[in-house]
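Just below is one structure, and these are the notes that go with it.
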């Protein structure tokens, strides 16, 4: 039985938006619809002591992302270094080809790379099956197009997070310092107590140029093209512009996810911490950087729509900050001083094992994730941390009461970690209905209903 319907031009008008959406969707994904081969393009980053180590880390990241997206979310295979390296080897056939987008040697001699890799899902599936491991294939050819887009988004978040972590140590050694002291001023009639005006100036050095160029190259490798921006917007997906000013040149990049912007915010939030990494020696004693600062505007304010991010990198030789304060001394102390000197403190906080190092002793310690996971109830917070996969690690957890306090003392109070929230959950449950949280404004701890919304930062032990 056939049913016919008279053509109505008005119906055509209703279909136009749908047809336009389908056309743009197939325009964006068309390269995958024309072949039965399950090949996916993944942009990934890696670092290592040598260039080859860095490339291998990036290739491993690509295969791990493809494995998780198309075969299985379980990544136990990647805990075996030998098998993981075999999977990421070009000779295995899992990697069909790769293009180097960014290849840079860090100030400490190690390397960082960003690659655009073509991974064969078919070959990867055969490789895993040959190892005698049962697999679960996720989706067919239609899902491939959608998952390619999701891979681009998740790969972007991962690459930006790794970039921020990689730059964390070079940024700490990106400044040279000079100190200037003025004539002492008496504070009492007996001239027993004095104050000495001090000014320390932080000037960017060549390491800052490295950080700026590495950031620009990485964002350029990840950025959406103008055609992709149009496609994203047509699919009602948000696009996040990032503006980089460096050496008199302004560049614009378009990212896919708010989480990528959150990772960049972490880099930006550390600016004052980086510029204050100096110690002042008097010949009698020494102290770390303090004083009121006049600091370079590393990140310009966002616009009223809150949809842009601007980073203003300095070139070597440009002033990053000046810090001034009064050094109060007694006459007897001044008599023991030989003169003021200022020295950089070097790297004082590391990024490794997937996060910011909170503490370490005898090769073991604790690291914090690069950003918050958001604000949520206690049960959701615990689940979010347990299910987190970040920077190649899947063993994250909600911090204990003691671990949370270590985050507050060793990171938050130093201005590291971009803790945007005020109250953070710990894993310590007071009872069936409440759990402990810590106020990162004052360090105090409270008992709070588990149904309340508090901020979440994941940690992992190493």
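Could you list, in sequence order, all residues of region 379-404 that are part of a loop (DSSP other than H, G, I, E, B) and touching a helix residue (DSSP H, G or I) at 6+ places or on another chain (Cβ under 8 Å)?
389, 391, 392, 396, 398, 399
With the structure loaded, tell me whether residue 447 is closer than 30 Å to residue 84 by Cα, without any contact (Cβ under 8 Å) to a residue 60 or more places away in the chain and surrounded by fewer than 16 Cβ atoms within 10 Å (Cβ to Cβ) or whether it fails that test.
It is false that residue 447 is closer than 30 Å to residue 84 by Cα, without any contact (Cβ under 8 Å) to a residue 60 or more places away in the chain and surrounded by fewer than 16 Cβ atoms within 10 Å (Cβ to Cβ).
Filtering region 109-134 down to residues that are in a loop (DSSP other than H, G, I, E, B) and at pLDDT 90 or above, which residue is surrounded by the fewest Cβ atoms within 10 Å (Cβ to Cβ)? First the steps, then the outcome.
Keep residues of region 109-134 that are in a loop (DSSP other than H, G, I, E, B), which gives 109-110, 131-134.
Still in the list and also at pLDDT 90 or above: 109-110.
On the way: 109: 8, 110: 17.
The residue in question is 109.
Starting from residues that are surrounded by 13 or more Cβ atoms within 10 Å (Cβ to Cβ) and more than 43 Å from the chain's Cα centre (by Cα), keep the ones in region 329-344 and report whichever is nearest to residue 175 (Cα to Cα).
The residue in question is 337.
State yes or no: is residue 214 within 17 Å of residue 45 (Cα to Cα) and surrounded by 18 or more Cβ atoms within 10 Å (Cβ to Cβ)?
yes
Quick check: is even one residue across region 63-76 outside the structural domain of residue 217 (by TED's automatic domain parsing), assigned to a helix (DSSP H, G or I), surrounded by fewer than 19 Cβ atoms within 10 Å (Cβ to Cβ) and at pLDDT 75 or above?
For region 63-76, residues outside the structural domain of residue 217 (by TED's automatic domain parsing), assigned to a helix (DSSP H, G or I), surrounded by fewer than 19 Cβ atoms within 10 Å (Cβ to Cβ) and at pLDDT 75 or above: present.
Can you name every residue in region 250-282 that is under 21 Å from residue 228 (Cβ atoms), surrounded by 16 or more Cβ atoms within 10 Å (Cβ to Cβ) and in contact with a helix residue (DSSP H, G or I) (Cβ under 7 Å, 6 or more places away or on another chain)?
Of everything in region 250-282, those that are under 21 Å from residue 228 (Cβ atoms), surrounded by 16 or more Cβ atoms within 10 Å (Cβ to Cβ) and in contact with a helix residue (DSSP H, G or I) (Cβ under 7 Å, 6 or more places away or on another chain) turn out to be 253, 254, 255, 256, 257, 259, 260, 263, 264.
Exactly one condition in (1) within 17 Å of residue 205 (Cβ to Cβ); (2) under 26 Å from the mean Cα position of the chain (by Cα) is false for residue 269; which is it?
(1)
Say whether the condition of being assigned to a helix (DSSP H, G or I), outside the structural domain of residue 61 (by TED's automatic domain parsing) and more than 24 Å from the chain's Cα centre (by Cα) is met by at least one residue in region 436-454.
No - not one qualifying residue is present in region 436-454.
Scan (1) in contact with a helix residue (DSSP H, G or I) (Cβ under 8 Å, 6 or more places away or on another chain); (2) within 16 Å of residue 435 (Cβ to Cβ) for the single condition residue 415 breaks and write down its number.
So the condition that residue 415 fails would be (2).
Taking the condition under 30 Å from residue 460 (Cα atoms) and within 17 Å of the chain's Cα centre (by Cα), does residue 369 pass?
yes
Report whether or not residue 181 is in contact with a strand residue (DSSP E or B) (Cβ under 7 Å, 6 or more places away or on another chain), more than 18 Å from residue 356 (Cβ to Cβ) and without any contact (Cβ under 8 Å) to a residue 12 or more places away in the chain.
No.
Can you tell me which residue in region 86-108 is modelled with the lowest pLDDT, limited to those that are surrounded by 18 or more Cβ atoms within 10 Å (Cβ to Cβ) and more than 17 Å from residue 209 (Cα to Cα)?
Here the answer is 87.
May I ask you to list the residues in region 346-371 that are part of a loop (DSSP other than H, G, I, E, B) and either out of contact with any helix residue (DSSP H, G or I) (no Cβ under 8 Å at 6 or more places or on another chain) or under 17 Å from residue 158 (Cβ atoms) (or both)?
The initial filter retains those residues of region 346-371 that are part of a loop (DSSP other than H, G, I, E, B), namely 346-350, 353-354, 362-363, 369-371.
The answer is 353, 354, 362, 363, 369, 370, 371.
Would you point out which residue out of 207, 247, 193 is on the phi > 0 side of the Ramachandran plot and either without any contact (Cβ under 8 Å) to a residue 12 or more places away in the chain or in contact with a helix residue (DSSP H, G or I) (Cβ under 9 Å, 6 or more places away or on another chain) (or both)?
It is 247.
For residues in region 405-435 being under 20 Å from the mean Cα position of the chain (by Cα) and assigned to a helix (DSSP H, G or I), which is surrounded by the most Cβ atoms within 10 Å (Cβ to Cβ)?
Ranking the candidates gives 407 first.
Where residues in region 366-395 are free of Cβ contacts under 8 Å to residues at least 40 places away in the same chain and out of contact with any strand residue (DSSP E or B) (no Cβ under 8 Å at 6 or more places or on another chain), which of them is surrounded by the most Cβ atoms within 10 Å (Cβ to Cβ)?
380
Which condition breaks for residue 225 when tested against (1) within 30 Å of residue 40 (Cβ to Cβ); (2) touching a residue at least 40 places away in the same chain (Cβ under 8 Å)?
(2)
The values are calculated or read from the model by the stated rules, or taken from the named source; none is laboratory data. Bear in mind the structure is a predicted one, so any value in this text is a computation, not a measurement. Positions of Cβ are backbone-derived with ideal geometry, glycine not excepted, and every protein chain shown enters the neighbour counts.
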